[in-house]
Structures are given as C-alpha cells and as structure tokens.
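Accompanying notes for the structure given below.
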Amino acid sequence: MNREAVQPTSVAPTAPVAPPADDPPPAVAPPAVRTAAARPPAAPLRAASPPAAASPVAGSPVVSPPAVGSPVVLPPLASHRSLPPHPGRAAAGSAPATGGFAERPTVEELRLTSFKSYRRATLGLSPLTVLYGPSGVGKSNALDALAVLSRLALGEDIADSLDGLPGTAGPLAAPVRGGLLGCVPHGRNAVILGCTVRSVAGPVRLEVVVRTDGPVRIARERLTLDGQVLVETGEQDVRNRRINVTWHNDTRQGDIRAPFPSASLITSQLPLRVAGSSPGERKVLAASEHLLTALREVFPLHPVPALMRDWTPADPQARLLGTAANISALLGRLKNECGRRYGHLLKVVQSAAPHPLLGLDVARRGTGAEERVLAVFDEGVLGRTGADQASDGMLRHLAFAAVLLTGAGVLDVDPAAEVPPAHRQLTVLAEDLGAGLGGEQTASLLRLAREVCGRRDVRLLAALQDPAAAREALGEAGGPAGPDLVECRRDPATGHSVLRPESARVPAQFARGPEDGERPGEGAATVAGTGAVDLGR
C-alpha cells in the first residue's frame, strides 16, 4: 500500500476572503481543547477513523471538481442572501452581549435549498420562532431539516443517522420522519441544506450536499467563518466512498488536502483529523466546534399520548424521549432531584387545567428492577387520574411544559460534553404545539416559552396550525426574546413550501428573479440524462 498517498499534502496558498474592513477580526477560541491529542478516544464529537486506503485509487471512478455538467453544483457563497439580524439579536460577529449569552453558539439561520417540499427557502431563527399554517404546508418539514443537520453533526454514517439505529439508545434510535429517502425531494437525487451559527468567533456557515444515487455520501461540503472559506471538499472517489478535503492552514506551506470518508459529515470529522498546529488550523477547529456544539444541542419533541399512558420502568437518571413515552419516569426524577422546578411545573399545568388540580404525583408498583411508574393528576375530591386515563391535550401540555422548564441534562440528546454547559444552548423543536389544546391552553404554553426564551434558557422553534393563540400570547415583538411568527404555505404554481414572516421587517425567503438568471419559485432540478443536481434551473 502506498503510505505516502494518505498523508495530508499542502496545496498552493489561496487568497483568503478578507472580512469587511469595519468588522473586527474573528476571534479564535482558546486552543487548549482544539487539538486531536487533547480529546479522549470516546469524545462525543465522534468522527470516522482516518481512511486506510489512498486518495483516489487508480482504477476507481473519480469525480472531478464541479464544472459544466458536473454531478453537483453548489450555489455560490452569496446565493442565499443572509437574513437581516432580528431586532433582538446582535449582528453576527458583533461584540458579545451582556451576560455572556453570545458565547453560546446558536443556529440563527436555516437554509432549505432542496429538502422535502422546500426549494431555496431561508428561515431566520430568533430565540422563539413559531411557524403556522394548515396541515400539509410544510411546517414539519422545516423542523425536520434542523433535526437532520443535528443528526449529521453526531458523526455517524448518513444512512444510520437518518434511518435510525433500532435497538440502541440515544437520539438516533428512531429514524427521522420519512427516513433518508423521505428527505429527498420528489424526482431529485440529493438533499441540500445549510445553516448559519452565531458564535463568539463570528458567523459560521455550513453548506452540505448529500447524494443518494449510488452510495449515500457527502458530495459537497463547505464551512466558512465570517465569510472566509475554511473547509471545502473536492474530488470524490465514489467507489471507496472518500472525498478530498482542503482546509485552511495559514502557513507558507499553504492549505492542506487529505482524503476523508464521505459516509459522514466532514465537519464532524475535523476535530480528530486537524492537528491544530497553526493559527489557521485552530481557526478551523474553533469554527467546527461552534457549529457542532450548536447543532448537537437540538431536541425534537413530538409527544405521542398513546405512548405516554403506559407504565414505564422507574429510572433515577431518566432522559425524556422525543415521543415523551417515558414522561412518568422523568416526573419521578424531577420530583426527587429538583423540587423547585417540579413545583413550577405543577403551577404551569394547574393554569391550563379546566378543573381544580391539587398536584402532580407518580404512582409506583413493583420493586427493584421490576418497579414501574405512572404519572398521576391529583384532582382533590374528584380523585386521582392516572396518565392512562388523562386526555391527549393534557398529556401533550405536560410534556411541552416539562421540556421548557428543564434542560438538556434530562433530555435524550447527545451534546458536546467537552464543552461546558454554560457555553451550550438547547434548541427545542416543538411539533404541533397546539394539538388537542384549547386556544387559552396553547397561549399559556407560548407565554411560558416566551418567558424561558427571554431568559436564554432555551431556544424554541414551534409549529402550530392556528396563529390566533400565538398572536394573543406573544403580542408585539420586543426585548431580547423577540418572537417571530412565520406563515408557512404552498406556492400554488409550483407546490413548493414558502415561508413568509408575519412581520414585514424580516424577509424569510429570497427567490432570485429573472434579472438574476432564475425563474422565481423554482429550485433545484435534475439535469436530464446526467443525474446532476443543477441549482440554476
């Protein structure tokens, strides 16, 4: 085997894209935890092992860099015009806000270039964002897009990340809605997503293309910090599922190129592949860590009342599942560990109950390993109603309130454990927030959400059908929590999902017009006879 072929090689230096003159230079986080040597083998930021074979092998099909008729054409860096900052959000790259909140990397823009029902859509995310519209317009698809990026950030194979790993525990145990193939738009062969993470180092942008024709693989990926390209992919070895990756080095030897496995997100592999021996490499590691930290702290929540009614095994370390099936075990843990939060949760549930509610309790049966628990609503003289008899709406309300009042430590997420909790920010994806609830009950949840999001405890992206409760509970946007109401609908001409903010101050989606060489409302298409993804059609 030619061992020299697998060694990283230097390439000619390229002129970096300088940040605007009036912007401060991007800050780089301390390098103490940046190098691969400083990370334990089982560090949560997992990455595939370095490939044992060489970069594009003789005799294997090699895909050249994109050109005319190329398999993948990524939009240029400016193809998605970044959203103006929310009035409650500091501009990306600006000085940290008081209280140290800016040190927490947060996802502030989601780009759905080609995903399910979306084409070239951009969604700006404030601490509290509510999508509304009737069933079938694509609200859940937007939540799924952020969930997909979060799963890819864990560093597992793409197919396992999206199709699930049955028989295991953790956020990948169940598939994303529709699985991998369900994420690909009808008639297409690729998923194209992107996001922008605000961090203390500046805005970090990720663009990724996942191809499903042939081996499932990363076909293109690009990571930028404050406008400067730090990581970009090149030639593919499709047969061996590898791709050449070039990353910023900032030395006289120039940027470094090496083959990476293309079966998982390239950015998730950087912490164990980039040495961090130069300022440029440390900048690459800082940007990748900020991005992965923000994406891994995402928790999709879609309570399923039918599963919440079962007796569940008692678990003093219970972590709430995305379906809230183990809500009873979580209540038992909260009651034992944090009486203050448990009392606050009781008050929130009491405010939504249509009848007197004296308390929340946990019934127990069995002993030892056979012990089972069930949530109980204490209604005083009316008796005690177990979760097995409670209404769907009250169970869903209980699950949403419990998540908003707790944190990632009791949720089924896989955070970047080497990053201090004070530098991580939980983002909750609340599916169908108002299902089974009356208008006032939904409004009470949204008021709670505005309170906790205003304290920067949680960020929330919620979907519901009727915006009336949201308008009543949130009112006019104001303060750092600045809630956003975004209408989701279908374009009658194309059938694609369209996002439109209720407030005119922040355009949620930009479709390039004829003067830009594109027809409005149209997105990624497949070039006939080539299988290529052409974003220009």
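The values are calculated or read from the model by the stated rules, or taken from the named source; none is laboratory data. Predicted model, so just to flag it, every value in this text is computed and none were measured. Cβ placement follows ideal geometry from the backbone for every residue including glycine, while neighbour counts extend to all protein chains displayed.
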>> Among the listed residues Leu437, Leu474, Leu461, identify the single one that is at pLDDT 95 or above and within 20 Å of Gly133 (Cα to Cα).
In response: Leu461
> So which residues in the range 320-367 are among the β-branched types (Val, Ile, Thr) and in contact with a helix residue (DSSP H, G or I) (Cβ under 8 Å, 6 or more places away or on another chain)?
Replying inline: Thr323, Ile327, Val348, Val349, Val362
> Which residues, counting only those in the range 220-270, are under 21 Å from the mean Cα position of the chain (by Cα), of a type in the set (D, E, K, R) and closer than 15 Å to Ile158 by Cα?
Replying inline: Arg220, Glu221
>> Being surrounded by fewer than 18 Cβ atoms within 10 Å (Cβ to Cβ), in contact with an Asp or Glu (Cβ under 6 Å, 6 or more places away or on another chain) and not assigned by TED's automatic domain parsing to the domain that holds Thr442 is true for just one of Arg341, Arg365, Arg384. Which residue is that?
In response: Arg384
>> Looking at (1) surrounded by 21 or more Cβ atoms within 10 Å (Cβ to Cβ); (2) acidic (Asp, Glu); (3) not in a strand (DSSP E or B), which one does Glu108 not meet, given that it meets all the others?
In response: (3)
> Gly202 is checked against (1) over 13 Å from the mean Cα position of the chain (by Cα); (2) under 22 Å from Thr106 (Cβ atoms); (3) assigned to a helix (DSSP H, G or I) and fails just one. What number does that condition carry?
Replying inline: (3)
> Do the conditions hold for Thr312, that is, is it in contact (Cβ under 8 Å) with a residue 60 or more places away in the chain, under 30 Å from Gly368 (Cβ atoms) and hydroxyl-bearing (Ser, Thr, Tyr)?
Replying inline: yes
> Out of all the residues in the range 214-247, which are outside any strand (DSSP E or B), touching a Pro at 6+ places or on another chain (Cβ under 9 Å) and either touching a residue at least 40 places away in the same chain (Cβ under 8 Å) or hydrophobic (A, V, I, L, M, F, W, C) (or both)?
Replying inline: Asp226, Gly227, Val238, Arg239, Asn240
> Which one of Ala142, Ala121 is at pLDDT 90 or above, surrounded by 24 or more Cβ atoms within 10 Å (Cβ to Cβ) and touching a Phe, Trp or Tyr at 6+ places or on another chain (Cβ under 8 Å)?
Replying inline: Ala142
> Out of (1) part of a helix (DSSP H, G or I); (2) in contact with a Ser or Thr (Cβ under 8 Å, 6 or more places away or on another chain); (3) among the aliphatic types (A, V, I, L, M), the odd one out for Leu460 is which?
Replying inline: (1)
> Applying the selection to the range 402-456, what residues are in a strand (DSSP E or B) and closer than 20 Å to Leu125 by Cα?
Replying inline: Leu426, Thr427, Val428, Leu429, Ala430
